[in-house]
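Student: Input: one structure, supplied below.
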Amino acid sequence: MKPTSIRRAPPERGLAATSAAALVASAFLALLIPPARAATPVYVTPDVPTRETLGGTDVLPWEIVKYDGLAYTPALFIPGNPAVGDIHRMDKIANWLFVVEAPSDLGGALASPADPRDVVRFDGTTATYSLFFCGESLGVPIPPGVRLDALDMTGGDGGNLIVSFDVPVTLGAFQFDPADLVRYVHTGPGCTGWTLAAANPDFDASAAGIGIKTSCNVIASARAGSLTLLSFDVPTDVGPPGVTTYLPGQIVAWNGAAFSLFQTLSGWPTASGVAGLTRGGNPGRVPPTVHVDKAGAGIKVSWSTSCSQGADDYSIYEGKIGSWYSHTMRVCTDTAHDLTETFAPAAPSDYYLVVPRDALEEGSYGTNTGGVERPVGIAQCVTPQVLAPCPP
């Protein structure tokens, strides 16, 4: 098939356009509705060997599995069989962060043992393990005997590290409870180039709702759009609304004003805690070239994969050429997960943007010729938008 003509008007470039005749689009309205998902995909690690009853398999404390509501699928085995604390799936393909609950050299994969105050990075593209964060060697060291529990990152793979501690801890003039989430900023090279961001934690457990007792630990955390996801080590009473007891193994969401149950892991026994919890990474951005071809009476839009492994779906936005930034949602899911969608254009001369997304947030719409991010759609397939640099 010959590609449709591509029309551009300065200063905007890189907006794919079609001059195909407009067709009645009512038959294509279903394209706006993503297929139903049984659950928002998450990656988890148990605190003890766990038999999940959804598929009848054993999940081990040194194993990361993906849960999508339909099955638990192995994602990574840590060598040396260390009990793993929290985990974080990075934006870079096949890259992970994790903490260990006891000193371990990962069966010889590390030159020297990682400490429970450290964060280990696995680079699946080179099959190597290295220290990412060294708690003992910081400017303000994490005291011996303290273990990192929760682990997360914001701002992409070069952004800030979010952690919690298993006991109350004093760092210089600052004191933190076991359920607080504390931010470190990367200010230098290597695993020691981190600085404690501020006295106030990112998540202040004592100030969240009715407050979380110091006898309760946040042993895993993650970000889900505007929500902070938490996993507790013991039954924990929180509120508002009201007072609700959440059990180990349940994933709890805090929206800044109230708690709620984000997700229950189907088939996960209540005797097992979720020691490691992460989502898929940031959605990222697609390369600037979007191809538009005639396809019978309609058009076919095709694109390349996002720069981040956090993109598990894509949306297509449509706008009128000459009326830049008029784009609005047109197709809200990549139906066959083949980076291609075919549909009828809404008008004789339109431009198209492809935006990476996951179940809860979307990524970049690309930048204009001045390097400025394009605005979000007039109507969006999913909100909020999360921007993060593409990983190196």
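Student: Any residue in the range 71-84 that is touching a Leu at 6+ places or on another chain (Cβ under 7 Å) and of a type in the set (Ser, Thr, Tyr)?
Tutor: yes
Student: Please list, ordered by residue number, the strands (runs of 3 or more DSSP E) wholly in the range 49-134 having 1 or more residues that are under 21 Å from the mean Cα position of the chain (by Cα) and surrounded by fewer than 21 Cβ atoms within 10 Å (Cβ to Cβ).
Tutor: Working: elements: 50-52, 57-59, 63-67, 72-77, 84-89, 95-100, 119-123, 128-133.
In the range 49-134, 63-67, 72-77, 95-100, 119-123 are the strands (runs of 3 or more DSSP E) which contain 1 or more residues that are under 21 Å from the mean Cα position of the chain (by Cα) and surrounded by fewer than 21 Cβ atoms within 10 Å (Cβ to Cβ).
Student: Please find, within the range 135-158, the residue that is nearest to Leu277 (Cα to Cα) out of those that are touching a residue at least 40 places away in the same chain (Cβ under 8 Å), small (Gly, Ala, Ser) and open to solvent by 10 Å² or more (accessible area, probe 1.4 Å).
Tutor: Keep residues of the range 135-158 that are touching a residue at least 40 places away in the same chain (Cβ under 8 Å), which gives 137-140, 147-158.
Going one step further and asking which of them are small (Gly, Ala, Ser), we end up with 137, 139, 150, 155-156, 158.
Pick out the ones that are also open to solvent by 10 Å² or more (accessible area, probe 1.4 Å) and you get 137, 139, 155, 158.
Numbers: Ser137: 26, Gly139: 28, Gly155: 18, Gly158: 20 Å.
Selected residue: Gly155.
Student: Now, a different point. Determine whether the range 275-284 contains at least one residue that is open to solvent by 50 Å² or more (accessible area, probe 1.4 Å) and at negative phi. Before the answer, list the steps.
Tutor: Taking the range 275-284 and keeping what is open to solvent by 50 Å² or more (accessible area, probe 1.4 Å), we get none.
Checked against the condition, which is being open to solvent by 50 Å² or more (accessible area, probe 1.4 Å) and at negative phi, the range 275-284 yields no hits at all.
Student: Which members of the range 161-196 meet the condition of being under 19 Å from Pro116 (Cβ atoms), open to solvent by 40 Å² or more (accessible area, probe 1.4 Å) and not charged (D, E, K, R)?
Tutor: Initial filter on the range 161-196 (under 19 Å from Pro116 (Cβ atoms)): 161-171, 176-182, 184, 191-192, 194, 196.
Next, only the ones that are open to solvent by 40 Å² or more (accessible area, probe 1.4 Å) stay: 167-168, 170, 177, 192.
Val167, Pro168, Thr170, Thr192, listed by residue number.
Student: Show me the strands (runs of 3 or more DSSP E) found entirely inside the range 288-392 where at least 1 residues are surrounded by fewer than 20 Cβ atoms within 10 Å (Cβ to Cβ) and not hydrophobic (A, V, I, L, M, F, W, C).
Tutor: Numbers: elements: 291-295, 298-302, 313-320, 328-331, 340-343, 350-357.
Where strands (runs of 3 or more DSSP E) fall fully within the range 288-392 and carry at least 1 residues being surrounded by fewer than 20 Cβ atoms within 10 Å (Cβ to Cβ) and not hydrophobic (A, V, I, L, M, F, W, C), they are 291-295, 298-302, 313-320, 328-331, 340-343.
Student: Between residues in the range 167-187 that are free of Cβ contacts under 8 Å to residues at least 12 places away in the same chain and residues that are assigned to a strand (DSSP E or B), which pairs lie under 6 Å by C-beta distance while being six or more apart or on different chains?
Tutor: Here the result reads Thr187/Thr195, each pair linking the range 167-187 to a residue that is assigned to a strand (DSSP E or B).
The values are calculated or read from the model by the stated rules, or taken from the named source; none is laboratory data. None of the values given here were measured: they were computed from a predicted structure. Cβ sites come from the backbone with ideal geometry, for glycine too, and all protein chains shown count toward neighbours. What goes into the accessible areas is simple: the full protein's heavy atoms, side chains included, and nothing from ligands, DNA or RNA. Shrake-Rupley method; radii C 1.70, N 1.55, O 1.52, S 1.80 Å.
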